[in-house]
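Take a look at the structure set out below.
The values are calculated or read from the model by the stated rules, or taken from the named source; none is laboratory data. All values derive from a computational prediction rather than experimental measurement. Note that each Cβ is placed from the backbone with ideal geometry, even for glycine, and that neighbours are counted across all protein chains shown.
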Amino acid sequence: MKYLIIGLGIYGENLARDLTDMGHEVIGADICPSNVEALKNYISTVYLIDSTEESQLAVLPLTNVDLVIVAIGENFGASVKTVALLKKAGVKHIYARAIDTLHEAILQSFGIDHILTPEQRAAADLTDEMELGPEVKSLKVDDSNLIAKFAVQDYLLGISYDELEKKLIQDYNLRLIAVSRRYDSTNIIGVKRPVQKMLADTSGATVLHGDTITIIGSRKKIMAFCKK
């Protein structure tokens, strides 16, 4: 895909680099010469412009990209005006970064595709990690529910997955949605390394050391289960 990122600060720069590493074509734009200089040899094209000026914004290939991402965060006014000018120019697909709830509410009024809140998301992820423990990987579903993935603890070893599913539902109202098991894999030079493979069918299977389970349910119930 072809992306245009406006705002190449820390967030925008990392986004541009990651998308480029994934094989996408990335075009960047920023008002700061040092930000442009940092990426000029890494991504496809970089423009030194003020995106709040309609005449300068017009030099960008707005209609030749799949998605425009406004990654401006610190300058609230510049972010909002840039989005407004993009909408005026008829750009169909826009993502924009919001730094607080007021910024987010204003961006919502433009009817753009998606609002990015990396700071809030990072804080929420850290909160979950501090509460659940660093060994638990979690994904927020909504304000009340999570998906959590973690290695099984010793007290679960030896029971069947049928029994575990029943226990999760009856005691915690949680659902088991995936199980992966550790296997040894040998690469082309004969070196063994552990890999995780999902069990397509857990019927009759027993919980083994090294298994990883993924569950879904309320944040409170998952925390209660993990604390056990």
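Points worth noting:
- Hey, Glu13 touching a strand residue (DSSP E or B) at 6+ places or on another chain (Cβ under 9 Å), of a type in the set (D, E, K, R) and outside the structural domain of Leu139 (by TED's automatic domain parsing) or not: yes
- Taken together, the residues in segment 130-140 that are in a loop (DSSP other than H, G, I, E, B) and in contact with a Phe, Trp or Tyr (Cβ under 9 Å, 6 or more places away or on another chain) amount to 3.
- Set Val65, Val26, Val80, Val36: member being in contact with a helix residue (DSSP H, G or I) (Cβ under 6 Å, 6 or more places away or on another chain), surrounded by 15 or more Cβ atoms within 10 Å (Cβ to Cβ) and farther than 23 Å from Ile106 by Cα: Val26
- Residue list for segment 182-228, filter: modelled with pLDDT under 85 and surrounded by 15 or more Cβ atoms within 10 Å (Cβ to Cβ): Cys226
- Pair list, Cβ under 7 Å, 6 or more apart: segment 57-72 residue polar (S, T, N, Q), other residue part of a loop (DSSP other than H, G, I, E, B): none
- Pair list, Cβ < 8 Å and 6+ apart or interchain, from segment 1-24 residues that are closer than 14 Å to Ala71 by Cα to residues that are surrounded by fewer than 13 Cβ atoms within 10 Å (Cβ to Cβ) and among the charged types (D, E, K, R): Tyr3/Asp66; Gly9/Glu74
- Put simply, of Ala89, Ala71, Ala98, Ala151 the only residue that is surrounded by fewer than 16 Cβ atoms within 10 Å (Cβ to Cβ), modelled with pLDDT of 85 or more, touching a Leu at 6+ places or on another chain (Cβ under 7 Å) and on the phi < 0 side of the Ramachandran plot is Ala89.
- Any hit, segment 119-129, residues being in contact with a Phe, Trp or Tyr (Cβ under 9 Å, 6 or more places away or on another chain) and surrounded by 17 or more Cβ atoms within 10 Å (Cβ to Cβ): no
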